[in-house]
Amino acid sequence: MELHGYTQTVGSLDATFAALADPTRRAILARLAEGDASVSELAEPFAMSQPAISKHLKVLERAGLISRAREAQRRPRRLEAAPLAEASQWIETYRQFWEGQFQRLDALLDQLKSAPKKQARAKRRAHALHTHIERRTH
Amino acid sequence: MANPGKLKVEARGDREIVMTREFTAPRELVFDAFTKPGLVRQWLLGPPGWTMPVCEIDFRVGGSYRYVWRHNNGNEMGMGGVYREIVVPERIVSTEKFDEAWYPGEAVGTVLLTESGGRTTVTQVVQYSSKEARDSVLKSPMESGVAAGYDRLEQLLAQKAA
């Protein structure tokens, strides 16, 4: 696919997650989130050879997470937000489902925590009342 | 009390989903809430409209558990598995499979509980049989899966009728 002079691949969710599983690749994406960058600029912060970085870039490109400019000499890479957004949206739906369950669990745990205290208070009250009655009757 | 921990969800490696969340309660209490039927069925209810009429737990290694959820429109969804490893109150490993699974194979779930300063962090790792299975689950979690499909249909029909 070609858009604004950048060549982009449309990746699958599989490819997206596989690409995101690597810390170097996540760091590259974070760098590209600040702006387009060439391969040598991207390689700079890492103790890695350019070919090693290029390999990571290929994985990101196949996943559709980055694109490269066609015309410029330095062929800067650009972050493609759509597949990233799609992948995080799936995770977000899943997260919301479980967060709903866990908020109920929060409430239940609060109940359970206060239950023994309430019982102890009730016991103390019953005991006090009992002593009071005993004093009055004796 | 305020909701203490926000849930973190990650797709890890090829086959896993990892969830991490903190609870303001001692570990023993959280462990009970994950393993005692009377407590499990009070919170593991699924999306609104669902109840959990069946929650059977034979809590020992080799013992099995069975959960069934029912929607007020009559739809049911069941799942179950076998306990593989139990360390009270810190670790539970069990298999899990839905009756009408929308992903291939059986998954293995691990629940880890760590306590610090009266707070318990729960880490749940579910490992699926393949990358495809894991991704299917992420694409269609319970609420957007089989069950909620009916909910949406119901809403749509109600809208059309109105």
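Exactly one condition in (1) assigned to a loop (DSSP other than H, G, I, E, B); (2) crowded, with 17+ Cβ neighbours inside 10 Å is false for B:S129; which is it?
Result: B:S129 fails condition (2) only.
Matching residues to (1) within 13 Å of chain A (Cβ to nearest Cβ); (2) crowded, with 17+ Cβ neighbours inside 10 Å; (3) modelled with pLDDT under 95:
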site	(1), (2), (3)
B:L45	yes, no, yes
B:F59	no, no, no
B:G63	no, no, no
B:G81	no, yes, no
B:R84	no, no, no
B:V108	no, yes, no
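Any idea how many residues of the stretch A:59-95 are crowded, with 18+ Cβ neighbours inside 10 Å, more than 14 Å from every other protein chain (Cβ to nearest Cβ) and at pLDDT below 80?
Qualifying residue count, the stretch A:59-95: 0.
Where the second residue is of a type in the set (G, A, S) and assigned to a strand (DSSP E or B) and the first is touching a residue at least 12 places away in the same chain (Cβ under 8 Å) and lies in the stretch B:120-131, which pairs have Cβ atoms under 6 Å and are six or more apart or on separate chains?
B:V126/B:A107; B:V126/B:G109; B:Y128/B:A107
Please go through the stretch B:30-61 and give me each residue that is outside any strand (DSSP E or B) and touching a residue at least 60 places away in the same chain (Cβ under 8 Å), ordered by number.
Listed by number, the residues that qualify are B:V30, B:F31, B:F34, B:G46, B:P47, B:G49.
For the stretch B:62-82, name all the residues that are farther than 18 Å from A:W98 by Cβ, touching a residue at least 40 places away in the same chain (Cβ under 8 Å) and within 16 Å of the chain's Cα centre (by Cα).
Result: no residue meets the conditions.
The values are calculated or read from the model by the stated rules, or taken from the named source; none is laboratory data. Quantities reported herein were computed from a predicted structural model and do not represent experimental measurements. Ideal geometry is used to build each Cβ from the backbone, glycine not excepted, and the neighbour counts take in all protein chains shown.
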